[in-house]
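Here's the structure, in structure tokens; my notes come after.
The values are calculated or read from the model by the stated rules, or taken from the named source; none is laboratory data. Everything numeric here is computed off the predicted structure, so don't read it as measured data. Cβ sites come from the backbone with ideal geometry, for glycine too, and all protein chains shown count toward neighbours. Accessible surface is based on the protein model in full, side chains and every heavy atom, while ligands, DNA and RNA are left aside. Shrake-Rupley method; radii C 1.70, N 1.55, O 1.52, S 1.80 Å.
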Amino acid sequence: MIEISGFTALYIFMLSAFTGYEVISRVPVILHTPMMSGSNFIHGIVLVGAIVVMGSAQSALEQIIGFIAVALAAGNAVGGYVATVRMLEMFNPKDKKGEA
Amino acid sequence: MDVFIQVVYFVAAILFILGLKKMSSPVTATGGIVWAGIGMVAASLVAFFEPGVFEHTGNVVLIVLAIAVGSAIAYITAKRVQMTDMPQMIAIYNGMGGGAAAAIAAVELVKMAGSADAAGGHELSATAQVLAVIGALIGAVSFSGSAIAFAKLQGIMKKTIRLPMHMVINLILFTLTLVAGAIIGFSGDVSIQLVLLFFIMALVFGVLFTTPIGGADMPVVISLFNAFTGLAVAFEGFVLGNAAMIIAGTVVGSAGTLLTQLMAKAMNRPIGNILFASFGSDGGAAAEEDIEGSMKEIQGTDAAIMMAFAEKVIIVPGYGMAVAQAQHKVSELTKLLEARGVTVKFAIHPVAGRMPGHMNVLLAEAGIDYDKILDLDEVNPEFPTADVALVIGANDVVNPVARSNPDSPIYGMPILDADIAKNCIVIKRGKGSGFSGIENHLFYADNTRMLYGDGQKAVAELISGIKEL
């Protein structure tokens, strides 16, 4: 855990927002659905937060909610990854591996 | 150790952004998701070494168990699902992320509630407190809203449920949720009951927010919830002091917002209109003008001859093709036509299928080169020189009233100009109208012939027709 003060967070937030906007603005339409699935996978990083929160859970209530958080977050990450890979595989036909 | 953890988070954040960037080109896309995946695994592993996690062995066991349960369910469902059902699966995985963000906030708030009476408890800064509540609200709405989106696309929930005074109820509920959230966020003194009430209201709001929105608009809504979840993750990242979560969440939040805008733009409907008004209620009254001409049927063999002796054929696939699972037959038809020297191209409307790019995924699955797949701006100038436009299970996206009739609810929506091809063959299951319930003038045009039947069977007829020549 690092100390992130309000304004530092605001700067991180601002720069990340522009990054996200720039990165996706060049995506061709054919990749929009895989892209959405891919970005869906990336917010699976919530798993890290769930692990940290669950790890320091004290009461039974905290453990129950923490358990739900970790399970849901893992589902987000794994489901998002597998779905994205399956979709992207379709753009890589096996018969033309060399130059696509 | 702490420095090592932060370095890994830092690298993970870089991998996420590079991964997203690589995903923006078909050639490098697969590599992109792998990079992001490596970042994810690394970040998750070091999370176990955050201070406090290994102090309670019981918790570690529970974490591993929870990961196993969540991953197993998601892995199996994601592997098994049909490509046509992908959009609703994205919705559900996204909802899980939103739920996780809300649950993280819940744990933090419960800890805070506990610390009011127990000495030396958990303290959050004022900013963190407020952001935890906002993240919780957004995450919870995304969770329950995505569940409804899933139910709608999966066909579990068929009707759009609209309560009397739906908008007013939503507004009141939202205000109450905000008030409860503000009390929790701004006062350090909170009770468990209030936190519980807050979450229940937020979840119910997510449901009521989504139910009146029609199935055709679901992609936009799913994309919006994707952005929501990203934001919720970013806010909880601030609460936990985790920069990787802030960066990844915000990147997804802004990318998702842009994608939502692009989709709404393609449908020529302001986002506000999609979310707060339904298609039927404001468009139903549009004047039913008389349609000239009649629908003219054609047999599969005749249509096959038309296509076999054409120079250029443009295929316009729609959601009907996906439902009939006809993409493999379409691919076979394409190869047959190309063997005869016919140029075949595919015209994809931005909102064809259930999501932008959904049709492209299906066609790619069937082995059609993506160079042949053109989007709206590229393909429209080609229609005048096309001998045959073959429309398979598409309707509203080729309806010329979008150009001609200002009273029509879809007026102004960019469409594929299949009507200006020399001939147009429409494969359609029955005589009904499209998703929006608007009559399609294309079907009555002089150069249009209707080929009735299930998409897959009709294309099979075309294939056998061409083979017999």
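Figures for the structure shown
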{"read-out": "Test result for residue B:222, surrounded by fewer than 20 Cβ atoms within 10 Å (Cβ to Cβ) and at pLDDT 75 or above", "value": "no"}
{"read-out": "Pairs, first within 14 Å of residue B:355 (Cβ to Cβ) in region B:74-86, second open to solvent by 50 Å² or more (accessible area, probe 1.4 Å), C-beta under 8 Å, six or more apart", "value": "B:83/B:365; B:84/B:323; B:84/B:325; B:85/B:154"}
{"read-out": "Matching entry among B:42, B:12 (being of a type in the set (Gly, Ala, Ser), open to solvent by 20 Å² or more (accessible area, probe 1.4 Å) and in contact (Cβ under 8 Å) with a residue 12 or more places away in the chain)", "value": "B:42"}
{"read-out": "Lone unmet requirement of (1) in contact with a helix residue (DSSP H, G or I) (Cβ under 9 Å, 6 or more places away or on another chain); (2) open to solvent by 30 Å² or more (accessible area, probe 1.4 Å) for residue B:71", "value": "(2)"}
{"read-out": "The one condition in (1) touching a Pro at 6+ places or on another chain (Cβ under 6 Å); (2) free of Cβ contacts under 8 Å to residues at least 40 places away in the same chain; (3) of a type in the set (D, E, K, R) that residue B:159 fails to fulfil", "value": "(1)"}
{"read-out": "Total residues in region B:308-339, condition part of a loop (DSSP other than H, G, I, E, B) and either open to solvent by less than 30 Å² (accessible area, probe 1.4 Å) or touching a Lys or Arg at 6+ places or on another chain (Cβ under 6 Å) (or both)", "value": "4"}
{"read-out": "Which listed residue is among the hydrophobic types (A, V, I, L, M, F, W, C) and either within 7 Å of chain B (Cβ to nearest Cβ) or touching a residue at least 60 places away in the same chain (Cβ under 8 Å) (or both), from A:7, A:13", "value": "A:13"}
{"read-out": "Selection count, region B:179-213, where residues are buried (at least 18 other Cβ atoms within 10 Å of the Cβ) and either at pLDDT 90 or above or aromatic (Phe, Trp, Tyr) (or both)", "value": "13"}
{"read-out": "Wholly within region B:340-412, strands (runs of 3 or more DSSP E) carrying at least 1 residues that are open to solvent by 50 Å² or more (accessible area, probe 1.4 Å) and closer than 21 Å to residue B:466 by Cβ", "value": "B:343-348"}
